[in-house]
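Notes to accompany the following structure.
Since every read-out is calculated from the coordinates, none of them should be taken as a lab result. Bear in mind the structure is a predicted one, so any value in this text is a computation, not a measurement. Here the Cβ is made from the backbone with ideal geometry for all residues, glycine too, and neighbour counts use every protein chain on show.
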Amino acid sequence: MTPALTKIGAQMSNLTGVRAIMKDIIETLRAGAGQQFINLSAGNPLILPEVEKLWRDCTADLLASSEYGEVVCRYGSSQGYAPFIEAVVNDFNKRYNLNLSDRNILITPGSQSLYFYAANAFGGYTVADQGREGGDLKHIVLPLSPDYTGYGGVALTPESLIAYKPTLDIDASAHRFKYRPDFSQLSIDENTGCVIFSRPCNPTGNVLTDEEVSKIAALAAPYNVPVMVDSAYAPPFPALNFTEMTPLFGGNVIHCMSLSKAGLPGERLGIAIGDAEVIEVLECFQTNACIHASRYGQAIAARAINSGALVEISETVIRSFYQNKFTVLETALDAAMPDSLPWFLHRGEGAIFAWLWLKDLPITDWEFYQQLKQVGVIAVPGSSFFPGLRSEWKHKQECLRISLTGSDEEIATAMERLAEVATKVYSGAAVSV
Ligand SMILES: Cc1ncc(COP(=O)(O)O)c(C=O)c1O
């Protein structure tokens, strides 16, 4: 049966960004039966034994408690499970010296849903209101592109999504670089509905400085524009920052977190912390969309926060695990990549990815991805990570995201093979299969 689709139906049944490539990767893995691939494409965290144990122990505690029936056999409030909200409020008030109440918190089924609510509650066409005519397009501003590919699919009004090109800090002799927001171009004004960015960033591992975040928030504040700081990799959990960073709270900043990289992606848990009125809008959106997030996930996460174990494991296990992987990757690249080639690795400041820029690459990132597949390595072509950036920019076809989710040996071998492919591609030679 082929049902007729609406405009939104057609739009939402399209796979955007990295999801489209994942389909190609799954087909490649399936078709290449017998061929061994080093698959560094995944955004899925590895299962670390200490992390699995944490969630197993919390589950055992929940199962043994009288709370169990109340958690799984009952609906609850859309805002979230009260003991979990209380755990977040207490922990954040103490940790960051804040004055949060439960009205500042919303729990969502994963943080992706949070961006969907925000993108459509604040971005898109306005209605007539208080003497204003309505019909104005409010933009969802991504201040630094590239950024999380998932922002590409969240806007029901796709034309509302606008991303800005960054400036590049290049350390040519070290083969390293870093993106910075280009404040000379960035426009946040009465046409802005909300601002979203990830910090640390998927795909680049960039961490916007505290000053850059404050500056973006200050630009948005006069227009009452919420700034959603996607902290899926940030401290206090999963603490996947390899450089110092301070989360920002208060005013128009909505601090958005996820339990996914702290070992609970299957439970779908996101947390928004911010202004009570903004939280209420998002909560109503959620009630209409799906009622509420899973209470089982919230009940075990409350235990992990209250005991301090979640933060402890994040800082001592999760962070060092991925930071070591990044070191393995950069050491292997430094050893294998010819100094004469214009390759630049983004500074590894956090998250679970490395981002490689192959300047003046003679082929597209998609073609490079195909060539890498031929030597048994799968990474993700970078062009999927520029949602909302409509301007032509060759850089978009010159990058690659490499996931840090392989074994040390796999990562090192993959970088050696990548260096061979890059050398041949730059010299114009075909890569042998
Ligand atoms: C930057 C970023 N934001 C949001 C998400 C969505 O996470 P979830 O919906 O699992 O909380 C991801 C997932 O990979 C991500 O990398």
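Just a few scattered comments:
- Of all DSSP bridge pairs formed entirely within the chain, close to 60 percent run antiparallel.
- Per-residue 3J(HN,Hα) values for the range 304-309, derived from phi via the Karplus relation 6.51 cos²θ - 1.76 cosθ + 1.60 with θ = phi - 60°, read 5, 7, 4, 7, x, 5 Hz in sequence order (x marks Gly and Pro).
- Here the Karplus curve 6.51 cos²θ - 1.76 cosθ + 1.60, taken at θ = phi - 60°, turns the phi angles of the range 229-237 into couplings of 8, 6, 9, 4, 10, 8, x, x, 9 Hz, with x standing for Gly and Pro.
- Label zone at S340, where the point sits 7 Å out along the Cα-to-Cβ direction: the range 406-424 residues whose backbone N lies under 18 Å: 419-424
- In terms of the mean number of neighbouring beta-carbon atoms within 10 Å, the peptides 68-77, 103-112 order highest first as 103-112, 68-77.
- Between 0 and 90°, nearest 10: helix 210-220 axis offset from the chain longest Cα axis: 60 degrees
- When K359, K325 are arranged by Cβ crowding within 10 Å, least crowded first, meaning fewest neighbours, the order is K359, K325.
- The equivalent ellipsoid that matches the C-alpha gyration tensor of the range 120-269 spans semi-axes of 27, 19, 15 angstrom, in descending order.
- Backbone N within the range 277-296 under 19 Å of label point (7 Å from R132 Cα along the Cβ vector): 277-282
- The C-alpha atoms of the chain define a longest principal axis, and helix 82-96 lies at about 70 degrees to it.
- Approximate spin-label separation T246-M1, in nm, with each point projected 7 Å along Cα-to-Cβ: 5.8 nm
- Counted residue by residue at 0.36 nm each, then reduced by the alpha carbon distance between them, the extension gain from N14 to N93 reaches 24.3 nm.
- Per-residue ³J(HN,Hα) for the range 263-269, Karplus 6.51 cos²θ - 1.76 cosθ + 1.60, θ = phi - 60°, Hz, x for Gly and Pro: x, 10, x, x, 7, 6, 9
- Cβ-derived FRET efficiency at R0 22 Å, D171 paired with E211, nearest 0.05: 0.65
- Residues M22, M12, M1 in ascending order of nearby Cβ atoms (within 10 Å, fewest first): M1, M12, M22.
- Placing +1 on each Lys and Arg Cβ and -1 on each Asp and Glu Cβ, with no other charges, gives the chain a dipole about its Cα centre of roughly 680 debye.
- D408 versus D189: modelled label distance in nm, points set 7 Å from Cα along the beta carbon direction: 5.4 nm
- The charge dipole of the range 329-376, taken about the Cα centre with unit charges on the Cβ atoms of Lys, Arg (+1) and Asp, Glu (-1), comes to about 100 debye, rounded to the nearest 20.
- Straight-line reach from K138: taking Cα to Cα under 21 Å and skipping same-chain neighbours fewer than 8 places apart, the lysines in range are K7, K165, K215.
- For the range 327-394, GluC sites (Glu not before Pro) are listed when DSSP marks them as loop and at most 16 other Cβ atoms sit within 10 Å of their Cβ; the list is E392.
- Two-site FRET efficiency, T364 against S66, from Cβ-Cβ distance with R₀ of 41 Å, rounded to 0.05: 0.10
- Taking the centroid of alpha carbons for each part, the range 75-98 and the range 225-254 are 16 Å apart.
- Amide hydrogen neighbours beyond the local backbone of A163, cut-off 5 Å, H modeled: L142, L389, R390
- Taking the C-alpha atoms of the chain, convex hull volume expressed per residue in Å³: 168 Å³
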